[in-house]
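The values are calculated or read from the model by the stated rules, or taken from the named source; none is laboratory data. Note that this is a predicted model, so its numbers are computed, not measured. Ideal geometry is used to build each Cβ from the backbone, glycine not excepted, and the neighbour counts take in all protein chains shown.
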């Protein structure tokens with residue numbers, strides 16, 4: 001088996017395992033994120049009504065001279081503020097296949113500091 005196919009298979013299994021745990025918690029909206037090499041994107045999704053409540057991405061930031069971790073912290077603050085405007089206080093972090101480390105951890109901690117319970 002090709003090494004790339006094997007890695008994709010492992011990544012998909014990890015993503016399904018995380019999603020299975022998250023979907024058990026149906027009362028809270030899901031804070032889904034995607035991390036690319038340059039940018040980070042976050043969505044607050046209500047799985048009951050299947051609608052996106054709020055979103056934020058690093059494309060919205062004007063100061064591009066920050067490190068990727070600092071950008072993730074700013075996005076965490078931004079999504080927490082938008083969630084509070086909607087009246088959402090609790091959410092479940094959907095980290096997909098990414099480890100809770102680095103930019104993912106910085107985003108989650110910044111969201112927690114700004115009032116979102118994850």
>> Can you pull out every residue in region 37-74 that is touching a helix residue (DSSP H, G or I) at 6+ places or on another chain (Cβ under 6 Å), closer than 16 Å to residue 111 by Cβ and part of a helix (DSSP H, G or I)?
In response: 58, 69, 71, 72, 73
>> With part of a helix (DSSP H, G or I) and modelled with pLDDT under 90 as the only criterion, which of 19, 112, 82, 27 stands out?
In response: 19
> Name the residues in region 89-109 that are over 19 Å from residue 21 (Cα atoms) and buried (at least 21 other Cβ atoms within 10 Å of the Cβ), would you?
Replying inline: 103, 106, 107
> So which residues in region 55-88 are farther than 11 Å from residue 42 by Cβ, surrounded by 15 or more Cβ atoms within 10 Å (Cβ to Cβ) and in contact with a strand residue (DSSP E or B) (Cβ under 8 Å, 6 or more places away or on another chain)?
Replying inline: 68, 71, 88
>> For region 91-103, which positions are farther than 11 Å from residue 75 by Cβ and not in a loop (DSSP other than H, G, I, E, B)?
In response: 92, 93, 94
> Can you pull out the residues in region 2-23 that are closer than 22 Å to residue 44 by Cα and touching a residue at least 40 places away in the same chain (Cβ under 8 Å)?
Replying inline: 12, 14, 15, 18, 19, 22
